[in-house]
Amino acid sequence: MATTFTPMDASDGDEPYKRLCALADRQLTPAERIERAIAIGRSHLGVASGVLSYTAGGEYEIAASDTVATPDAATADAATADAAAGTATSTSDATTTPDAGDDTTPPDRSLAESWCRHVVAARDPVVIADAADSAYHDDIARETTGNDCYLGVPVFVDGELFGTLAFEDPDPRADQFTDDERELAALFADWIGAELQRKRHEADLREQNERLEEFAGIIAHDLRNPLSSAMGYTELAADTASGDQLEFLARVDRSLERMESMIAECLMLAKEGTDIGERSEIALAAVVEDAWETVRTRDATLSVECETTIFADVTRLQQLLENLFRNAVEHGGDGVTVTVADHPDGFVVANDGPPLPADVEAALDDCDTENIKSFGLGLLVVTRVVSGHGWELSVDSGDEGVRFEITGVNVAEPIHRTSD
């Protein structure tokens, strides 16, 4: 006997769309958003099951589902719909995943024996309100699934068929699915496909960053260690050399320094794509001193005049400081003094070397990434670290030197040092 289904909140056709939009504003994982989206669609359509299946390669695997024992969409489903919309802190008991072991989870089945095979073959929606009274009356899926009502839509990820989003029920519908209901199912399938695509891209990005970090580690260990050894022996040889030998060793030393600079740039390039990681409360002075130790400072002097703690990604902050220090040492001349000091809204890195070229200062002030790149990777990395933290960078360059102000920093209470 056909059953007349009453869609949830039928008086407000926009309700499922509002609930779907609300999912984007909640702190949920992609899997949780997908599960709740299925719950919203199933509840609104008033059917017993909503199933996202993976069908690539001819397989049929349930990726996520929402199922109730009795499809009373107008009453018994209210709690599930509210939870799916985000009024609860977790999915309802009705929302299940393939590994949940819940009796209400639809069983995995062969694609060849499912309604979804028609969606996969056509790459288009398949709508069956009453299988017994349709061209599908003798379809094997009636027996294997036990469902006489089916609305299935293809789900695409990166332009390729991922699987299907299906809303099913053992009982047929008295009325056909409306155009609005079909459009709703198609919208939910597109939304879920976008979530899956975003999840895939995030995984690809993490893998790419891991490869870049591995590359950076190889450069740091396998190239820098022998380079440091060569520089050390060159310096020792220069102590006892004279005449042409000393000049030749000076050329070797300059080449080794250039190689060291190139390795540093490769490291910066490899790490540039790394996102800002977890922020913690750190003593700025300690990071300043660590950064200074990693830079070949020659005759430069560091003055630490900061007692502030800030909230930042310590690795990326040290990278910012290293690049500002290296820039000051390379362009500041012999005996340059670099000062790191507190600022009411952040901190300052200054040096008493010559002013920046006007075009460099203009590019930094305008956040002109393309022009900043042309001046080397160091300043580009500085701007990326600043913007990644949500900070602001301003530059003041003149006869008294160069002053970089980093503001908008989350500053904690100063650490007052005590002398022994």
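Contour minus end-to-end for E278 and T407, with contour as 0.36 nm per residue of separation and end-to-end as the Cα-Cα distance? Display every interim value, and only then the final one.
Working: separation 129, 0.36 × 129 = 46.44 nm, distance 1.93 nm.
44.5 nm is the gain from fully extending E278 to T407.
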Report summary line: In order over region 113-128: 3J(HN,Hα) from phi, Karplus 6.51/-1.76/1.60, θ = phi - 60°, whole Hz, x for each Gly or Pro, gives 10, 10, 5, 5, 4, 5, 5, 4, 5, 8, 6, 9, x, 10, 10, 9
Report summary line: Filtering chymotrypsin sites (Phe, Trp or Tyr not before Pro) in region 186-290 by DSSP loop and by at most 11 other Cβ atoms within 10 Å leaves none
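Quick one: if the Förster radius is 22 Å, what FRET efficiency do A132 and D179 give, using the C-beta to C-beta distance and rounding to 0.05? Could you put the intermediate results ahead of the total?
On the way: r = 23 Å, r/R0 = 1.06.
After rounding, the FRET efficiency stands at 0.40.
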Report task. Taking H placed 1.01 Å from N in the peptide plane, check which residues at least 5 places from A64 or on another chain put their amide H under 5 Å from its amide H. Result -> L52
Query raised in the report: By how many nm would the segment from I140 to T234 lengthen if fully extended, with 0.36 nm per residue of separation less the alpha-carbon distance?
Result: 25.7 nm
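I need the calculated FRET efficiency for the pair L187 and E305, taking r as the beta carbon distance and R₀ as 56 Å, to the nearest 0.05. Mind dumping the intermediate values first?
Details: r = 58 Å, r/R0 = 1.04.
About 0.45, to the nearest 0.05.
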**Report entry** region 277-420: Rg to Rh, with Rh as the Kirkwood radius over Cα pairs
**Finding:** 0.94
Report summary line: Any GluC sites (Glu not before Pro) in region 202-309 that lie in a DSSP loop and have at most 13 other Cβ atoms within 10 Å would be E278
Requested in this report: Mind checking the full-extension length gain between E392 and Q27? Use 0.36 nm per residue of separation minus the Cα-Cα distance, one decimal, nm.
Outcome: 128.7 nm
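No value in this document is a laboratory result; all are computed from the given coordinates. These numbers come from a predicted model, not from an experiment. Using ideal geometry, Cβ is built from the backbone for each residue, glycine included, and neighbour counts are taken over all protein chains shown.
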